[in-house]
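See structure below.
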Amino acid sequence: MSTPPDEVISERITELVHPATLAQVEIFHKMGLRERTLTLPVMVALVLSMIWRQIGSIFDLTRIV
């Protein structure tokens with residue numbers, strides 16, 4: 001059995017994740033929260049922190065932050 005091309009996999013992931021992301025944003029807007037985007041330095045700091053502290057998941061990282 002051959003694996004599908006990367007484009008097919010990427011399109012399928014987009015089909016699954018994009019609607020869920022939009023639903024999350026809508027929920028946040030209904031709660032009166034605004035959409036926030038992390039800057040590159042903040043993301044790098046979080047990833048380095050995960051590696052340094054050997055944090056196993058993003059959930060744990062957000063709980064710690």
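Read-outs throughout are calculated quantities, based only on the coordinates presented, and are distinct from any laboratory measurement. The structure displayed is predicted, hence computed values, not measured ones. Neighbour counts run over all protein chains shown; Cβ positions are idealised from the backbone, glycine included.
Given the DSSP H assignment, sum -39500 (n - 2.57) over each helix run of at least 4 residues in the chain and divide by its residue total; what's the result at 222 nm in deg cm²/dmol, nearest 500? Before the final figure, lay out each step's value.
Values: 3 runs with 46 residues, N = 65.
It comes out at -23500 deg cm²/dmol, rounded to the nearest 500.
Any idea what the dipole of the chain comes to, in debye rounded to 20, about its Cα centre with Lys/Arg Cβ at +1 and Asp/Glu Cβ at -1?
Magnitude of the dipole: close to 440 debye.
The list (i) -0.49; (ii) -0.63; (iii) -0.29 gives values of log10 I(q)/I(0) by the Debye sum over Cα atoms at q = 0.13 Å⁻¹, and only one came from this structure; which label was calculated from it?
Here log10 I(q)/I(0) by the Debye sum over Cα atoms at q = 0.13 Å⁻¹ agrees with entry (ii).
What is the distance in Å between the Cα centroid of the range 1-25 and that of the range 28-65?
22
Whole-Hz Karplus ³J(HN,Hα) for the range 54-60, in order, using 6.51 cos²θ - 1.76 cosθ + 1.60 and θ = phi - 60°, x for Gly and Pro?
Once rounded to whole Hz, the list reads 6, 7, x, 8, 5, 4, 5.
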